[in-house]
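Since the structure comes first, as structure tokens, the remarks are kept for the end.
The values are calculated or read from the model by the stated rules, or taken from the named source; none is laboratory data. On a predicted model such as this, the values are computed, not experimentally measured, just so you know. Virtual Cβ from ideal backbone geometry, glycine too; neighbours counted across all protein chains shown. Just so you know, the surface numbers come from the protein's heavy atoms only, side chains and all, with ligands and any DNA or RNA stripped out. Shrake-Rupley method; radii C 1.70, N 1.55, O 1.52, S 1.80 Å.
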Amino acid sequence: MQIENFLKLIDKTNEWTGRIVSYLAIFMMLSLTYEVVVRYLFNMPTIWVLEINQYALCIYVALAGGFTAINNGHVNVEILYEKFSPRRKAIVNIATSICFFTVLLVLIWKAGAVAWEAWETKETSFSLLAAPLYPAKAAIPIGAFLFLLQQLTNLIRDIAFLVRKDHQPVEN
């Protein structure tokens with residue numbers, strides 16, 4: 001019972017994180033609209049919109065991986081995968097998770113080192129804006145860790161599905 005609560009906590013954390021960062025898409029849309037209006041109607045281009053949107057997009061993509069995994073939004077080779085039985089899908093998911101976990105662990109390790117260095121030095125961009133880079137760089141290992149937790153949750157559910165005698169999918 002405790003592991004089910006832990007799995008649900010991971011689901012809720014990634015669901016919450018995905019919903020929060022989804023508002024960055026609205027921010028990016030509004031700020032780019034502002035840029036177009038002031039640039040082309042008033043001939044007053046900004047120096048901050050493009051750069052801030054690049055950092056917002058980085059944070060958005062980095063932190064949305066776990067949310068996308070909950071909703072099965074990541075890429076599969078659907079032409080084969082969709083024809084598999086639920087049991088075979090679980091087996092394929094388990095087999096491919098080894099490679100996936102390896103990639104995520106390396107990403108957490110390397111991006112974590114880069115983010116830590118950026119945080120220690122309070123790294124800023126080289127542009128006139130001199131925006132702080134460490135929040136966007138920190139989002140990458142944090143997002144990868146949340147994604148790793150979500151994939152671990154999915155792996156546990158796939159294993160539980162294979163072990164169960166009635167072969168009913170384990171719900172999120």
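Remarks
- Residue count for region 75-108 satisfying the condition of being touching a helix residue (DSSP H, G or I) at 6+ places or on another chain (Cβ under 6 Å) and charged (D, E, K, R): 0.
- Residue count for region 92-106, restricted to those that are open to solvent by 60 Å² or more (accessible area, probe 1.4 Å) and either aromatic (Phe, Trp, Tyr) or touching an Asp or Glu at 6+ places or on another chain (Cβ under 8 Å) (or both): 1
- The residue that is nearest to CYS58 (Cα to Cα), counting only those in region 128-144 that are part of a loop (DSSP other than H, G, I, E, B) and open to solvent by 50 Å² or more (accessible area, probe 1.4 Å), is LEU129.
- Scanning region 107-127 finds no residues that are out of contact with any strand residue (DSSP E or B) (no Cβ under 9 Å at 6 or more places or on another chain), part of a helix (DSSP H, G or I), in contact (Cβ under 8 Å) with a residue 40 or more places away in the chain and open to solvent by 50 Å² or more (accessible area, probe 1.4 Å).
- Of the listed requirements (1) outside any helix (DSSP H, G or I); (2) free of Cβ contacts under 8 Å to residues at least 40 places away in the same chain; (3) surrounded by fewer than 13 Cβ atoms within 10 Å (Cβ to Cβ), ILE47 misses just one: (2).
- Within region 6-38, being surrounded by 15 or more Cβ atoms within 10 Å (Cβ to Cβ) and without any contact (Cβ under 8 Å) to a residue 60 or more places away in the chain holds for GLU15, GLY18, VAL21, LEU24, MET28, SER31, GLU35.
- Residues located in region 68-124, provided they are charged (D, E, K, R) and either within 14 Å of PHE145 (Cβ to Cβ) or out of contact with any Lys or Arg (no Cβ under 8 Å at 6 or more places or on another chain) (or both): GLU78, GLU82, LYS83, ARG87, ARG88, LYS89, LYS110, GLU117, GLU120, LYS122
- Candidate set from region 50-71 (those that are open to solvent by 50 Å² or more (accessible area, probe 1.4 Å) and among the aromatic types (Phe, Trp, Tyr)); member that is nearest to LEU152 (Cα to Cα): PHE67
- Among (1) farther than 25 Å from TRP16 by Cα; (2) surrounded by 11 or more Cβ atoms within 10 Å (Cβ to Cβ), the one test that HIS74 misses: (1)
- Qualifying residue in region 135-158 (condition: free of Cβ contacts under 8 Å to residues at least 60 places away in the same chain, under 25 Å from ILE10 (Cα atoms) and of a type in the set (Phe, Trp, Tyr)): yes
- Residues located in region 126-164, provided they are basic (Lys, Arg) and over 28 Å from ARG88 (Cβ atoms): LYS137
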